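The values are calculated or read from the model by the stated rules, or taken from the named source; none is laboratory data. As the structure is a prediction and not an experimental result, all values here were calculated from the model. Positions of Cβ are backbone-derived with ideal geometry, glycine not excepted, and every protein chain shown enters the neighbour counts.
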Amino acid sequence: MIAISRFRVDEPGQAQFVADAEVAVAQFAGSAGCLSADLVRNLDEPGLWAIVTRWAQVGDYRRAFNGTPAKLALIPLLSQAIDEPSAYDHPDEVGDNVPRVG
């Protein structure tokens, strides 16, 4: 399973964003079941960034948010992410994908 959180960051805010994102990436990377965690920047739009993580299973990703240190490292940053679905998996693992009704 992968999770992709995208961010639009203006030039004056990039240094702080990178510092905060590196803390979040380290938090994810230290979580059980995290196979990889990367901070990446778009090749064509320099203000577009993403945190891309790969997980052994969706439950590992969800559990990565447990505990105060995780919440302090992840929630403030991820609340700034572009509001869009972020979790993906192989079609055979997803099964019948029924959209959630808000």
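Within the stretch 17-35, one or more residues are polar (S, T, N, Q) and over 17 Å from residue 81 (Cβ atoms).
The set of residues from the stretch 35-90 being of a type in the set (Gly, Ala, Ser), surrounded by 12 or more Cβ atoms within 10 Å (Cβ to Cβ) and assigned to a loop (DSSP other than H, G, I, E, B) comprises 47, 56, 64, 67, 81, 86.
In this structure, does residue 21 turn out to be surrounded by 13 or more Cβ atoms within 10 Å (Cβ to Cβ), touching a residue at least 24 places away in the same chain (Cβ under 8 Å), in a strand (DSSP E or B) and among the small types (Gly, Ala, Ser)? Considered against the rule, which asks whether it is surrounded by 13 or more Cβ atoms within 10 Å (Cβ to Cβ), touching a residue at least 24 places away in the same chain (Cβ under 8 Å), in a strand (DSSP E or B) and among the small types (Gly, Ala, Ser), residue 21 comes out as no. Cβ-Cβ contacts under 6 Å between residues 6 or more apart (or on different chains), taken from a first residue in the stretch 2-15 that is within 30 Å of residue 60 (Cα to Cα) and surrounded by 15 or more Cβ atoms within 10 Å (Cβ to Cβ) to a second residue that is among the aromatic types (Phe, Trp, Tyr) and at pLDDT 95 or above, are listed as 3/61; 7/49; 9/17; 9/49.
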